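Enquirer: Got a structure here, written out as structure tokens. Questions coming.
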């Protein structure tokens with residue numbers, strides 16, 4: 001694992017954290033959603049500060065190089081995030097549909113009563 | 001109209017809601033209350049309507065924070081001075097409402113019904129969690145809250161306005177930490193609490209662990225970056 005990669009990981013995690021904190025400051029994001037990114041940044045920092053961990057885990061799962069292990073881990077975490085976001089988007093759309101329909105139906109029923 | 005509105009968020013509480021609200025309505029008519037049905041899939045809303053309870057019926061499930069906020073929006077619009085968060089599962093005892101009201105009228109922003117103000121905290125996994133959150137609050141605010149996870153809390157008019165209008169104001173210990181840091185005055189009143197009457201608690205071991213991670217990260221890290229207003 002090269003020094004450059006370690007620097008990149010640290011920079012990326014610091015940037016992620018700063019951006020997320022900024023969103024929280026301005027009340028643009030819910031804390032529940034920020035927690036994933038804070039943990040994600042922590043994982044990146046841990047791997048860049050303790051590269052030995054990446055070597056050890058790389059040996060364990062049999063990837064060619066420690067950097068490959070980190071890429072794999074990042075891809076995996078992002079896949080999980082994309083999946084959970086898809087689920088939430090579906091749920092949000094379903095609820096929105098339900099709400100719009102409820103409002104429209106109730107307005108129509110109110111209109112009839114008058 | 002009373003000065004106080006009791007907000008009772010209820011999600012699938014058909015077994016308990018009649019006993020909880022019935023007691024409030026029969027024995028404590030001096031206080032106004034409102035049940036916020038959080039899109040329950042059981043008969044909670046129907047029972048409330050049949051009994052003639054004051055009910056806000058959410059068409060979809062918003063979770064505790066969203067349901068509670070609905071109640072506080074109502075309290076804010078109607079001009080209530082104080083609002084009480086009160087569980088629909090029978091854990092909270094209405095006999096402690098008046099002492100809390102007396103306490104908050106001494107000029108506090110938030111009054112917490114605390115199981116461990118004068119009583120000792122027993123040893124269990126759940127209380128270990130309670131202690132960790134208490135420690136995190138102490139570290140970030142310098143204030144000792146003996147029962148930070150107590151779900152029975154009373155808020156004054158200023159707090160009602162904030163909870164009603166803003167994002168990231170869930171009725172949880174991390175919001176408490178943020179508010180105390182911003183100058184909110186908090187007091188506790190010693191109470192006894194019951195076990196929930198019927199039905200399963202949401203707090204399975206996995207959910208409890210998730211809750212702990214979320215609260216500790218939020219209190220120790222995230223809340224420090226929030227700006228008020």
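Enquirer: Considering only segment A:22-47, state which residues are more than 17 Å from residue B:175 (Cβ to Cβ), more than 12 Å from the chain's Cα centre (by Cα) and either in a helix (DSSP H, G or I) or more than 10 Å from every other protein chain (Cβ to nearest Cβ) (or both).
Expert: A:22, A:23, A:42, A:43, A:44, A:45, A:46, A:47, listed by residue number.
Enquirer: Here's a follow-up. Before we move on, is residue B:137 away from chain A (no Cβ under 14 Å), crowded, with 21+ Cβ neighbours inside 10 Å and over 16 Å from the mean Cα position of the chain (by Cα)?
Expert: Details: away from chain A (no Cβ under 14 Å): yes; crowded, with 21+ Cβ neighbours inside 10 Å: yes; over 16 Å from the mean Cα position of the chain (by Cα): yes.
Spelling it out, residue B:137 is indeed away from chain A (no Cβ under 14 Å), crowded, with 21+ Cβ neighbours inside 10 Å and over 16 Å from the mean Cα position of the chain (by Cα).
Enquirer: Right, another one. Checking residue B:212 against (1) at the interface with another protein chain (Cβ under 10 Å from one of its Cβ atoms); (2) assigned to a helix (DSSP H, G or I); (3) touching a residue at least 60 places away in the same chain (Cβ under 8 Å): exactly one of these is not met. Which one?
Expert: If we test residue B:212 against (1) at the interface with another protein chain (Cβ under 10 Å from one of its Cβ atoms); (2) assigned to a helix (DSSP H, G or I); (3) touching a residue at least 60 places away in the same chain (Cβ under 8 Å), just (1) comes out false.
Enquirer: Here is a follow-up. With the requirement that a residue be surrounded by 22 or more Cβ atoms within 10 Å (Cβ to Cβ) and under 13 Å from residue B:7 (Cα atoms), what does segment B:34-79 give you?
Expert: Scanning segment B:34-79 gives B:35, B:36, B:37, B:38, B:67, B:68, B:69, B:71, B:72, B:75.
Enquirer: Is one or more of the residues making up segment B:48-59 free of Cβ contacts under 8 Å to residues at least 40 places away in the same chain, part of a loop (DSSP other than H, G, I, E, B), closer than 27 Å to residue A:30 by Cα and within 18 Å of the chain's Cα centre (by Cα)?
Expert: Kept after step one, since they are free of Cβ contacts under 8 Å to residues at least 40 places away in the same chain, are these residues of segment B:48-59: B:48-59.
Next, only the ones that are part of a loop (DSSP other than H, G, I, E, B) stay: B:52-54, B:59.
Going one step further and asking which of them are closer than 27 Å to residue A:30 by Cα, we end up with B:59.
Of the ones still in play, those that are also within 18 Å of the chain's Cα centre (by Cα) are none.
Taking every residue of segment B:48-59 in turn, none turns out to be free of Cβ contacts under 8 Å to residues at least 40 places away in the same chain, part of a loop (DSSP other than H, G, I, E, B), closer than 27 Å to residue A:30 by Cα and within 18 Å of the chain's Cα centre (by Cα).
Enquirer: If you don't mind, another one. I need the full set of residues from segment B:214-228 which are more than 18 Å from the chain's Cα centre (by Cα) and within 14 Å of residue B:149 (Cα to Cα), in order please.
Expert: Of everything in segment B:214-228, just one residue is more than 18 Å from the chain's Cα centre (by Cα) and within 14 Å of residue B:149 (Cα to Cα), namely B:216.
Enquirer: For residue A:16, state whether it is touching a helix residue (DSSP H, G or I) at 6+ places or on another chain (Cβ under 7 Å) and not in a helix (DSSP H, G or I). Don't jump to the end; show me each part of the working.
Expert: Working: touching a helix residue (DSSP H, G or I) at 6+ places or on another chain (Cβ under 7 Å): yes; not in a helix (DSSP H, G or I): no.
No.
Enquirer: Turning to a different aspect of this structure: I need a count of the residues in segment B:146-170 that are in contact with a helix residue (DSSP H, G or I) (Cβ under 6 Å, 6 or more places away or on another chain), surrounded by fewer than 23 Cβ atoms within 10 Å (Cβ to Cβ) and assigned to a loop (DSSP other than H, G, I, E, B).
Expert: Counting residues in segment B:146-170 that are in contact with a helix residue (DSSP H, G or I) (Cβ under 6 Å, 6 or more places away or on another chain), surrounded by fewer than 23 Cβ atoms within 10 Å (Cβ to Cβ) and assigned to a loop (DSSP other than H, G, I, E, B) gives 4.
Enquirer: Now for a separate question. For segment B:118-132, enumerate the residues that are closer than 13 Å to residue B:192 by Cα and either surrounded by 12 or more Cβ atoms within 10 Å (Cβ to Cβ) or in contact (Cβ under 8 Å) with a residue 60 or more places away in the chain (or both).
Expert: Result: B:118, B:119, B:121.
Enquirer: Just name the residue that is surrounded by the fewest Cβ atoms within 10 Å (Cβ to Cβ) out of those in segment B:194-209 that are outside any helix (DSSP H, G or I) and touching a helix residue (DSSP H, G or I) at 6+ places or on another chain (Cβ under 8 Å). Steps first, please.
Expert: Residues of segment B:194-209 outside any helix (DSSP H, G or I): B:194-204.
If we keep only those that are touching a helix residue (DSSP H, G or I) at 6+ places or on another chain (Cβ under 8 Å) as well, we get B:197, B:203.
Details: B:197: 15, B:203: 13.
So, considering only residues that are outside any helix (DSSP H, G or I) and touching a helix residue (DSSP H, G or I) at 6+ places or on another chain (Cβ under 8 Å), the one surrounded by the fewest Cβ atoms within 10 Å (Cβ to Cβ) is B:203.
Enquirer: Provide a single number: the residues in segment A:49-98 that are within 14 Å of another protein chain (Cβ to nearest Cβ) and loosely packed, with under 15 Cβ neighbours inside 10 Å.
Expert: The qualifying residues number 10.
Enquirer: Identify all residues within segment B:26-55 that are more than 18 Å from residue B:171 (Cα to Cα), within 14 Å of another protein chain (Cβ to nearest Cβ) and touching a strand residue (DSSP E or B) at 6+ places or on another chain (Cβ under 8 Å); write none if there are none.
Expert: Of the residues in segment B:26-55, the ones more than 18 Å from residue B:171 (Cα to Cα) are B:26-32, B:39-55.
In the following step, the residues that additionally are within 14 Å of another protein chain (Cβ to nearest Cβ) were identified as B:39, B:41, B:45.
B:39, B:45 - these are the residues of segment B:26-55 that are more than 18 Å from residue B:171 (Cα to Cα), within 14 Å of another protein chain (Cβ to nearest Cβ) and touching a strand residue (DSSP E or B) at 6+ places or on another chain (Cβ under 8 Å).
Enquirer: Out of B:106, B:172, I need the residue that is within 14 Å of chain A (Cβ to nearest Cβ) and within 30 Å of residue B:29 (Cα to Cα). Which one?
Expert: Working: B:106 fails: within 14 Å of chain A (Cβ to nearest Cβ).
After ruling out the rest, the residue left standing is B:172.
Enquirer: Using the structure shown, decide if residue B:179 is part of a helix (DSSP H, G or I), under 21 Å from residue B:67 (Cβ atoms), more than 11 Å from chain A (Cβ to nearest Cβ) and within 16 Å of the chain's Cα centre (by Cα).
Expert: Details: part of a helix (DSSP H, G or I): yes; under 21 Å from residue B:67 (Cβ atoms): yes; more than 11 Å from chain A (Cβ to nearest Cβ): yes; within 16 Å of the chain's Cα centre (by Cα): yes.
The answer is yes for residue B:179.
Taken together, the values in this text are just the output of simple stated rules run on the coordinates, not laboratory data. This one's a predicted model, so the numbers in the text were calculated from it and none came from an experiment. Ideal geometry is used to build each Cβ from the backbone, glycine not excepted, and the neighbour counts take in all protein chains shown.
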